[in-house]
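Undergrad: Have a look at the structure that comes next, please.
The values are calculated or read from the model by the stated rules, or taken from the named source; none is laboratory data. Computed from a prediction, not measured in an experiment: that's the story for all the values here. Because the Cβ atoms are built from the backbone with ideal geometry, glycine has one as well, and the counts that use them run over all protein chains shown.
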Amino acid sequence: MEAALCFWSTAGQDVPGRGFVEQVGFDGRPVDVGFKRMRVQARQIYTFCHAVELGWQGPAREAVENGLSFIWTHGWLARGGWARRFKPDGAQFDTVVDTYEQAFVLFALGWYYRLTQDAEILVAARRTLDKLHSRLDHAEGHGFLTESPDCIQLQQNPHMHLLEAMLVWYEATAEARFADEARMIVRHLRKRMFQEKTGTLPEFYDLDWRPVRQTGGAVVEPGHHFEWTWLLARYSRILDDDTEDIASRLFTFADRHGSDADGVVYDALREDGSVLRADHRTWPQTEALKAYIARSEAGEHHDERIAQLTGLLLDRYLATDIPGLWNDHLNAALKSTSPSVPASTLYHLFLAFAELQRWARMR
């Protein structure tokens, strides 16, 4: 609230009408990577909407309007759906329709609607959902394709973020459509994505929703297991639909196998729990923090782990020369390998610390 929001609402913005920058260097200056991703614009819009809701007194609304103006002006494709990437000036150059990107636009619009009750935003959300179904529905009605055209592999991750967006919209409007979409995603999780035998959620599937298995088995990410744990708790609370059977198993797997001896969450495992990538991105730590909070609210006792993860984030990841930046990637020896600071991670950090703040107030 005192450092990151101040930095990203000023140095993290492009000129008016051009939204947010994609990355900055550790000197605090923008890094020109030649493109902007829709997900970054949407995540920053969310962050500053949530900041307003939490009472931050900085220029959050101005930041939100800049980001919204950028995607409103440049984002919608002629054939429907939101573009994936832009040139820095807003010209579309990656016009693949990606479920992940649609989900984050819906998430951002939902938070903006919470603030404004703007009827035009609700219309845009309904239109986005319509295009999502018409362009990205699985041929047999089993969830969504990863992208269109030419989808060759299915993924769990876009479904998770679409569920997150639908819950925001249902809370904001109480419209049955958003609740129905959320329930559909959870049914799909139960029937096809979650692997009952191993208690895991693979990252990748073939077009018939069979996990892609290479040497050592399917790839699983403990950060996503933790993220689903938190999100399923939120889903159950909002829609009164018990998901403890799946949430507890996802959490147990990630809790048992997902961290090194110092409690730092790994980037990726195999489905047998062995380590596939021993590096440590920032976002799996934030998702673990949210999951341990959710399990604590369910009656378990994780105070020490919550304190450990909070300290880890503050002391290892956020300990940069300029307050409000972060080391986004640590190697197995916990040394930073990040050449720059990606704006996309602010969403993870802000939401995790908002959850920590909420949980602390309730204790």
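Undergrad: Select from segment 184-214 the residues that are surrounded by 15 or more Cβ atoms within 10 Å (Cβ to Cβ), part of a helix (DSSP H, G or I) and in contact with a helix residue (DSSP H, G or I) (Cβ under 8 Å, 6 or more places away or on another chain) and list them in ascending order.
TA: ILE185, VAL186, HIS188, LEU189, MET193
Undergrad: Which ones in segment 70-89 are within 18 Å of ALA124 (Cβ to Cβ) and part of a loop (DSSP other than H, G, I, E, B)?
TA: Residues satisfying the conditions are GLY75, LEU77, ALA78, ARG79, GLY80, GLY81, ALA83, ARG84.
Undergrad: Do you know which of the residues in segment 274-289 that are crowded, with 16+ Cβ neighbours inside 10 Å and hydroxyl-bearing (Ser, Thr, Tyr) is nearest to GLN357 (Cα to Cα)?
TA: THR286
Undergrad: Additional query: Looking at segment 176-184, is at least one residue farther than 26 Å from THR116 by Cβ and at pLDDT 95 or above? Walk me through it before giving the result.
TA: Just the residues of segment 176-184 that are farther than 26 Å from THR116 by Cβ, to begin with: 183-184.
Among the residues that remain, those that are also at pLDDT 95 or above are: 183-184.
Taking every residue of segment 176-184 in turn, at least one turns out to be farther than 26 Å from THR116 by Cβ and at pLDDT 95 or above.
Undergrad: Here is a further query. Could you identify the single residue in PHE144, PHE204 that is aromatic (Phe, Trp, Tyr) and under 29 Å from ASP240 (Cβ atoms)? Outline the logic, then answer.
TA: Values: PHE204 fails: under 29 Å from ASP240 (Cβ atoms).
From the options PHE144, PHE204, the qualifying one is PHE144.
Undergrad: Looking only at residues in segment 111-148 that are aromatic (Phe, Trp, Tyr) and over 22 Å from ARG187 (Cβ atoms), which one is nearest to the chain's Cα centre (by Cα)?
TA: Within segment 111-148, the first condition is being aromatic (Phe, Trp, Tyr), and the residues that meet it are 111-113, 144.
If we keep only those that are over 22 Å from ARG187 (Cβ atoms) too, we end up with 111-113.
Details: TRP111: 14, TYR112: 17, TYR113: 19 Å.
Applying the filter and picking the extreme gives TRP111.
Undergrad: OK, next. Sort out which residues of segment 126-159 are part of a helix (DSSP H, G or I), aliphatic (A, V, I, L, M) and in contact with a Phe, Trp or Tyr (Cβ under 6 Å, 6 or more places away or on another chain), and write them in order of number. Walk me through it before giving the result.
TA: At the first step, the residues of segment 126-159 found to be part of a helix (DSSP H, G or I) are 126-136, 157-159.
Checking which are aliphatic (A, V, I, L, M) leaves us with 129, 132, 136.
Of everything in segment 126-159, just one residue is part of a helix (DSSP H, G or I), aliphatic (A, V, I, L, M) and in contact with a Phe, Trp or Tyr (Cβ under 6 Å, 6 or more places away or on another chain), namely LEU136.
Undergrad: Among the listed residues GLN153, GLN102, identify the single one that is in contact with a strand residue (DSSP E or B) (Cβ under 8 Å, 6 or more places away or on another chain) and either among the hydroxyl-bearing types (Ser, Thr, Tyr) or surrounded by 16 or more Cβ atoms within 10 Å (Cβ to Cβ) (or both). It would help to see each step written out before you state the result.
TA: Numbers: GLN153 fails: either among the hydroxyl-bearing types (Ser, Thr, Tyr) or surrounded by 16 or more Cβ atoms within 10 Å (Cβ to Cβ) (or both).
Result of the check over GLN153, GLN102: GLN102.
Undergrad: Among the residues of segment 16-52, how many are part of a loop (DSSP other than H, G, I, E, B) and farther than 25 Å from ALA124 by Cα?
TA: Step one: of segment 16-52, the residues part of a loop (DSSP other than H, G, I, E, B) are 16-19, 21-22, 25-29, 31-35.
If we keep only those that are farther than 25 Å from ALA124 by Cα too, we end up with 25-29, 31-34.
Here the count works out to 9.
Yes/no matrix, rows are residues, columns are (1) outside the structural domain of HIS348 (by TED's automatic domain parsing); (2) modelled with pLDDT of 95 or more; (3) β-branched (Val, Ile, Thr); (4) out of contact with any Leu (no Cβ under 8 Å at 6 or more places or on another chain):
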position: VAL24; (1), (2), (3), (4): yes, yes, yes, no
position: GLN41; (1), (2), (3), (4): yes, yes, no, yes
position: LEU54; (1), (2), (3), (4): yes, yes, no, yes
position: PRO59; (1), (2), (3), (4): yes, yes, no, yes
position: ASN66; (1), (2), (3), (4): yes, yes, no, yes
position: TRP72; (1), (2), (3), (4): yes, yes, no, yes
position: PRO88; (1), (2), (3), (4): yes, no, no, yes
position: TYR100; (1), (2), (3), (4): yes, yes, no, yes
position: PHE104; (1), (2), (3), (4): yes, yes, no, yes
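Undergrad: So which residues in segment 290-305 are crowded, with 19+ Cβ neighbours inside 10 Å and either among the aliphatic types (A, V, I, L, M) or outside the structural domain of SER248 (by TED's automatic domain parsing) (or both)?
TA: Residues satisfying the conditions are ALA291, ILE293, ALA294.
Undergrad: Going through segment 215-250 one residue at a time, which ones are part of a strand (DSSP E or B) and of a type in the set (A, V, I, L, M)?
TA: Here is the first cut: in segment 215-250, the ones part of a strand (DSSP E or B) are 217-220.
If the condition is that a residue be part of a strand (DSSP E or B) and of a type in the set (A, V, I, L, M), then ALA218, VAL219, VAL220 are the ones that fit.
Undergrad: Now for a separate question. Could you list, ordered by first residue, the pairs with Cβ atoms under 7 Å in which the first is in segment 337-363 and in a strand (DSSP E or B) and the second is not small (Gly, Ala, Ser), at least 6 apart or interchain?
TA: From segment 337-363, the pairs are VAL341/GLN23; VAL341/VAL24; VAL341/PHE26; VAL341/LEU325; VAL341/TRP326; VAL341/ASP328; PRO342/GLN23; PRO342/ASP328.
Undergrad: Something else about it: What pairs come out if I take residues in segment 227-248 that are in contact (Cβ under 8 Å) with a residue 12 or more places away in the chain and pair them with residues that are of a type in the set (S, T, N, Q) and in a loop (DSSP other than H, G, I, E, B) whose C-beta lies under 9 Å away, six or more apart or interchain?
TA: Hits for this filter: TRP228/GLN156; LEU232/THR243; ALA233/THR243; TYR235/THR243.
Undergrad: Looking at segment 53-69, can you tell me whether even one residue there is over 26 Å from GLN357 (Cα atoms) and in a strand (DSSP E or B)?
TA: There is no residue in segment 53-69 that is over 26 Å from GLN357 (Cα atoms) and in a strand (DSSP E or B).
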